[in-house]
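The values are calculated or read from the model by the stated rules, or taken from the named source; none is laboratory data. This one's a predicted model, so the numbers in the text were calculated from it and none came from an experiment. Positions of Cβ are backbone-derived with ideal geometry, glycine not excepted, and every protein chain shown enters the neighbour counts. When the accessible area is computed, the model is the full protein with side chains, heavy atoms only, and any ligands, DNA or RNA have been set aside. Shrake-Rupley method; radii C 1.70, N 1.55, O 1.52, S 1.80 Å.
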Amino acid sequence: MHTFHLLQAMVFAPSLVTANILIYSPPSQPALTYSITIPDTTTAADSGPIYLQISAPTTLQWASLGQGTQMDSANIFILYAASPTNITLSPRSSMDGGQSEPQYNPLANLTLLPGSGINNGRMTANIRCMNCLSAWPTLSSSNSSSIYTLDPDGTSTPWFWASQSGPSVNSSDPSADLAMHDDKGTMQLDLSLAQFSSARGSLDPLYNPFSDGSIVIS
Ligand code: HEM
């Protein structure tokens, strides 16, 4: 009897699997959250989508996540308000060695998933990125970013963040001119805690794993 129940549980377990979502909040910006989850198929193939969420209070003018250790050589995601209800997600790369505002990079292969927008004083971007395991190509050859790679189940992967407080940008232009950060920092994320079985969802290009995942605090 016991064995039967155990087997039954094992047989049905895969359909109940939810994404393990790793969440990081900067200590100096506790209302700002960065989440990540990675399909096991991406980890196995070292290629494919990764899922990111940036969620920031509207008291921040913009909030950003960077892959890697520094502005130079990183894929940078910047979130700001497009309107009172919509967000702009601007993928950018530094074109001058990280000395000034990163430039919009149209070669980032991103999809904004359902649930993105502004609600209850929070801006949220649910992102599927198809080319985030290495540096995005850039339109300029002066960029040195080609060295960046991400280990999809690395236990200590480097990331960084930055934010700027102030009134809404209110622009749907991904090249909008932004004021420099008034807060920033770096973090190491254990992506072995952020894996999910892609048996569910992977066939649907608009699947949003953040809507039904289980949370792991970084
Ligand atoms: C919006 C326009 C931006 C300007 C003008 C700008 C400018 C700069 C400058 C001049 C520095 C070196 C001086 C310092 O440490 O304070 C710097 C550092 C830094 N910035 Fe930015 N930045 C911008 C956006 C961003 C964004 C979107 C991120 C994304 C997370 C970011 C992350 C960082 C980090 C982590 C550092 C310290 C490490 C490093 O030098 O790379 N910045 N920034």
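Residue count for segment 61-93 satisfying the condition of being more than 11 Å from the chain's Cα centre (by Cα) and within 12 Å of the ligand (Cβ to nearest atom): 14. Summed over segment 92-103, residues that are open to solvent by less than 20 Å² (accessible area, probe 1.4 Å) and under 21 Å from P167 (Cα atoms) total 1. For segment 111-130, does any single residue satisfy the condition of being closer than 21 Å to S163 by Cα, among the small types (G, A, S) and in contact with a helix residue (DSSP H, G or I) (Cβ under 9 Å, 6 or more places away or on another chain)? Within segment 111-130, not a single residue is closer than 21 Å to S163 by Cα, among the small types (G, A, S) and in contact with a helix residue (DSSP H, G or I) (Cβ under 9 Å, 6 or more places away or on another chain). Just one residue in the set D151, D177, D182 is out of contact with any Lys or Arg (no Cβ under 6 Å at 6 or more places or on another chain), within 18 Å of P49 (Cα to Cα) and of a type in the set (D, E); that residue is D151.
Of all the residues in segment 162-214, those that are among the aliphatic types (A, V, I, L, M), more than 16 Å from the ligand (Cβ to nearest atom) and surrounded by 15 or more Cβ atoms within 10 Å (Cβ to Cβ) number 3.
If you check A179, A199 for being among the small types (G, A, S) and in contact with a Gly (Cβ under 8 Å, 6 or more places away or on another chain), only one passes: A179.
The residues of segment 125-156 that are open to solvent by less than 20 Å² (accessible area, probe 1.4 Å) and at pLDDT 95 or above, listed by number, are A125, N126, I127, C129, C132, L150, P152, G154. Contact map, segment 177-193: residues that are within 18 Å of T69 (Cβ to Cβ) and in a loop (DSSP other than H, G, I, E, B) paired with residues that are more than 10 Å from the ligand (Cβ to nearest atom) and among the polar types (S, T, N, Q), Cβ distance under 8 Å, separation 6+ or inter-chain. Pairs shown: D190/T155; D190/S156; D190/T157; D190/S218.
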